[in-house]
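Visitor: The structure that follows is given in the form of structure tokens.
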Amino acid sequence: MTNAPLLSIIIPIYKESKETLTLCIERLCDQHLIENCELIFVDGSENKEGVSQLKSLKYEHQIKLLSSKKGRATQMNTGAKAAVGDYLLFLHADTELPQNGIALILKAFNNSNYQAGAFDLSFLNAKRILKLISWSASLRSRLTRIPFGDQGIFIRKTTFEDFNGFAEIPLMEDIELMKRLRNQKIKIKLLSEPIKTSAR
């Protein structure tokens, strides 16, 4: 990578299969403008098996491999501290960005009014009940301006630091941070393009 990355993509992992990790990296490396990004995986497993699996994979793109205590909030905060990008994207390992996802994030940040954002939600599984769930979740996030973590939350690094990152709580750390942003009148951009996540 010749230029400093604009976007740091932070992926917390815990006992992910090698197949999941391989597919995650392949999908990201196929993204338009991936050359403007850095990939940061943060392993929360005790034996650091995720780090070991990632080290065995061969990719041209720059990947940072970190470890931390178990806990998604802790892992994501660890990744954010190591990030050098101007913007942060928190992505689940089994979640797929839309084909032009990185470009959409960078475009959103061209508007200085927006400090954070997320995508609409969809599931890789096409069952009707999951379509209904994804539709209702996307509608809820638009009405409340509070997206879920599996919608691919992105945020300016300076804003993330100003708000002291994720609260290190067992669950709903994503909702808690978005509520704090909203309560302080921080503008959150909800992109209409759907991100695809695993039904698990």
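The values are calculated or read from the model by the stated rules, or taken from the named source; none is laboratory data. The model shown is predicted, which means the values in this text are computed figures rather than measured ones. When we count neighbours, we look across all protein chains shown, and the Cβ atoms used for this are built from the backbone with ideal geometry, even at glycine. These area figures cover heavy atoms from the full protein model, side chains too; ligands, DNA and RNA do not enter into them. Shrake-Rupley method; radii C 1.70, N 1.55, O 1.52, S 1.80 Å.
Visitor: Residues that are modelled with pLDDT under 95 and acidic (D, E): does segment 51-67 have at least one?
Guide: yes
Visitor: Going through segment 25-46 one residue at a time, which ones are open to solvent by 70 Å² or more (accessible area, probe 1.4 Å) and either of a type in the set (D, E) or farther than 28 Å from Q99 by Cβ (or both)?
Guide: Of everything in segment 25-46, those that are open to solvent by 70 Å² or more (accessible area, probe 1.4 Å) and either of a type in the set (D, E) or farther than 28 Å from Q99 by Cβ (or both) turn out to be E26, D30, E35, E46.
Visitor: Kindly evaluate D150 against the criterion of being in a strand (DSSP E or B), modelled with pLDDT under 95, charged (D, E, K, R) and surrounded by 13 or more Cβ atoms within 10 Å (Cβ to Cβ).
Guide: No, not satisfied.
Visitor: Which of the residues that make up segment 62-81 are touching a residue at least 12 places away in the same chain (Cβ under 8 Å) and assigned to a helix (DSSP H, G or I)?
Guide: Passing the criteria: R72, A73, T74, Q75, M76, N77, T78, G79, A80.
Visitor: Here's a check for you: in segment 47-100, which residue that is under 21 Å from Q31 (Cβ atoms) and of a type in the set (S, T, Y) is least open to solvent (accessible area, probe 1.4 Å)?
Guide: T95
Visitor: Out of everything in segment 101-121 that is of a type outside the set (F, W, Y) and open to solvent by less than 20 Å² (accessible area, probe 1.4 Å), what residue ends up being nearest to G165 (Cα to Cα)?
Guide: A116
Visitor: Looking at this structure, is F123 modelled with pLDDT of 95 or more and in contact with a strand residue (DSSP E or B) (Cβ under 9 Å, 6 or more places away or on another chain)?
Guide: no
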